[in-house]
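The values are calculated or read from the model by the stated rules, or taken from the named source; none is laboratory data. Keep in mind that this is a model prediction, so the values were computed, not measured. A quick note on method: Cβ atoms are made from the backbone with ideal geometry, for glycine too, and the neighbour counts reach across all protein chains shown. Only protein heavy atoms, including side chains, enter the accessible area calculation; ligands, DNA and RNA are left aside. Shrake-Rupley method; radii C 1.70, N 1.55, O 1.52, S 1.80 Å.
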Amino acid sequence: MKVIVLNCGSSSIKYQLFDTDGPKVIAKGLVEKIGMNGSRIRHEKQNGKEDVVFEGEILDHQSGIEYMLGILISKKHGCIKSFNEIDAIGHRVVHGGEKFNSSVLITSEVIAMLEECISLAPLHNPPNLSGIYAMKNLLPHVPQVGAFDTAFHQTMPDYAYLYALPYSLYKQHGIRRYGFHGTSHKFVMQQACSFLGLAPEQSRIITCHMGNGGSITAILNGQSVDTSMGMTPVEGLVMGTRCGDLDPGILPYLMQREELNINTANTLINKHSGLIGISGVSSDMREVTAAAKNGNERASLALNMFYYRIRKYIGAYTAVMGGVDVIVFTGGIGENSTLARAEIMKDFEFLGVDFDPAKNEQARGETALISTPSSRVKVLVVPTNEELVIARDTAAIVRQLNKS
Ligand code: AMP
């Protein structure tokens, strides 16, 4: 089955065309700078062997998707003969609130529910919906499926997902923890289980998704029981530009002392904090690490804070699950930074981790064990692939639809 997977952001669209029977990626690319000067599409095919850039005015998501579809069927750069070859479309949707605990076929009712979720993710859900509306206009007969970042975490118990604010605020405004990166946490947990020959329903796994954004999840018997991101993706770990956990009293204090308005306060915790805020160097882990190696003390401090926060969560989630069997690293930092993995795993022998530094240095590009074979707690690096999960979910839902 041929499935297009779309990840629509505010000014960009990542796309991948999958043949889910392989599974293999037929083509992929990125529509950039939508509605800005310099908008363009970077289109890759044949595993990146061919990389073409198309420049031109792209005013909105619909015109970006129209342009991208034109490339997919073009004689010179295309990979399909006609749109009839496209069997389904899968969308990454950031916030599904409490309404969705798995991927769903997008119907008018689902769209109405997604519109209701906009207030929970005002930056993310509108572009996701733009992609859905655009595809509805451009390929009206092709079924669409939504896969939610929040869905996997819907199994968290109430005592883990509630904030200790007045209960009425939860009922009235949906103030609670939802968690994000669910597609990634679920995928790497399943990969880890199949790699180790473990049954997910009899396992205690901690998955550390460390990228520009980061979150960590406690997965007990295959289900998310706690995760570090909350109602929004600012809570939890120290991230590239986000602060993570914070005393909530700091915000009103700063808003008063610095006369910050709501937008500035929001920008402060989302864009000027985390690695960039502490180091003053960069939000990019590679650059912060390089600066620390060159003796920049604030870069070293940022790294120490980054590692420490994750170690703290690993301890907490081990307690939550009554132990841990597997710790998984994923995301740009988790998959590539041997230093971050080694620093985070330091002195965890008391937990049953026998870390293998040599294997850690070698792990790259594929699932790898970085603890010794006899380590009671297995430590793995697992490359994430959220697009593949969305493509698989989409194919399964559409196959079912075709049967009925
Ligand atoms: P992601 O958001 O998953 O694409 O991850 C982006 C983050 O991964 C950035 O902070 C990058 O600096 C980091 N990253 C990518 N490659 C490496 C590497 N080889 N070593 C350290 N960090 C890396």
*Tell me, what is the 1.4 Å probe accessible area of LYS14, in Å² to the nearest 10?*
110 Å²
*Between ASP19, ASP51, ASP393, which gets the highest mean-square fluctuation from a Gaussian network model of the chain, Cα cutoff 10 Å?*
ASP51
*asked:* Charges at C-beta only: +1 for Lys and Arg, -1 for Asp and Glu. How large is the resulting dipole of the chain about its Cα centre, in Debye rounded to 20?
replied: 440 debye
*If you take the beta carbon distance between LEU198 and TYR163 as r and set R0 to 35 Å, what does 1/(1 + (r/R0)^6) give as a FRET efficiency, to the nearest 0.05?*
0.60
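How large is the dipole of the stretch 95-213 about the Cα centre if only Lys and Arg carry +1 and Asp and Glu carry -1, each at its Cβ, rounded to the nearest 20 debye? Intermediate results must be reported in sequence, preceding the final value.
Values: 7 positive and 7 negative charges, 34 e Å.
Dipole about the Cα centre, nearest 20: 160 debye.
When the helix-only estimate is applied to the chain (DSSP H runs of n ≥ 4, each -39,500 (n - 2.57), divided by the residue count), what is the mean residue ellipticity at 222 nm, nearest 500 deg cm²/dmol? Walk me through the intermediate numbers first.
Numbers: 15 runs with 158 residues, N = 404.
Taking each H run of at least 4 residues, the total per residue is -11500 deg cm²/dmol.
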*asked:* Over the chain, with a Gaussian network built from C-alpha contacts below 10 Å, which listed residue (LEU369, LEU251, LEU105) shows the highest mean-square fluctuation?
replied: LEU251
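Taking each full run of DSSP H in the chain as one helix, which ones are at least 30 Å long along their axis (Cα atoms) and have mean Kyte-Doolittle hydropathy of at least -1.0? Don't jump to the answer; show the numbers that get you there.
Values: long enough: 297-321 (36 Å, 0.12).
Membrane-span-like by this rule: 297-321.
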*In debye to the nearest 20, how big a dipole does the stretch 305-360 give about its Cα centre with +1 on each Lys and Arg Cβ and -1 on each Asp and Glu Cβ?*
240 debye
*Carbon-plus-sulfur fraction of the accessible area of the stretch 214-281, 1.4 Å probe, in percent?*
54 percent
*Most positive-pole-ward Cα, ILE333, LEU162, VAL381, against dipole of the chain from beta carbon charges*: VAL381
*Rank VAL324, ILE219, VAL31 by how far each Cα sits towards the positive end of the charge dipole of the chain (+1 on Lys, Arg Cβ; -1 on Asp, Glu Cβ) and give me just the farthest.*
VAL31
*asked:* Tell me which of ASN7, SER228, THR394 sits at the most positive position along the dipole axis of the chain, charges placed on C-beta atoms (Lys, Arg +1; Asp, Glu -1).
replied: THR394
_Ordering of 303-311, 198-206, 377-385 by packing [mean C-beta count within 10 Å, highest first]_ = 377-385, 303-311, 198-206
*Violating pairs (Cα-Cα greater than 31 angstrom) within the set LYS14/LYS81; LYS2/LYS171; LYS136/LYS186*: LYS2/LYS171
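Please give the net charge around GLU287, taking every other residue with its beta carbon less than 14 angstrom from that of GLU287, where Lys and Arg add +1 and Asp and Glu add -1. Working shown, then result.
Values: positive: ARG286, LYS293, ARG298; negative: ASP284.
So the environment of GLU287 carries a net charge of +2.
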*Considering only protein heavy atoms and a 1.4 Å probe, what is the carbon-and-sulfur percentage of the accessible area of the stretch 283-404?*
52 percent
*asked:* How much accessible area per residue does the chain have, counting only protein heavy atoms and a probe of 1.4 Å, in square angstrom?
replied: 47 Å²
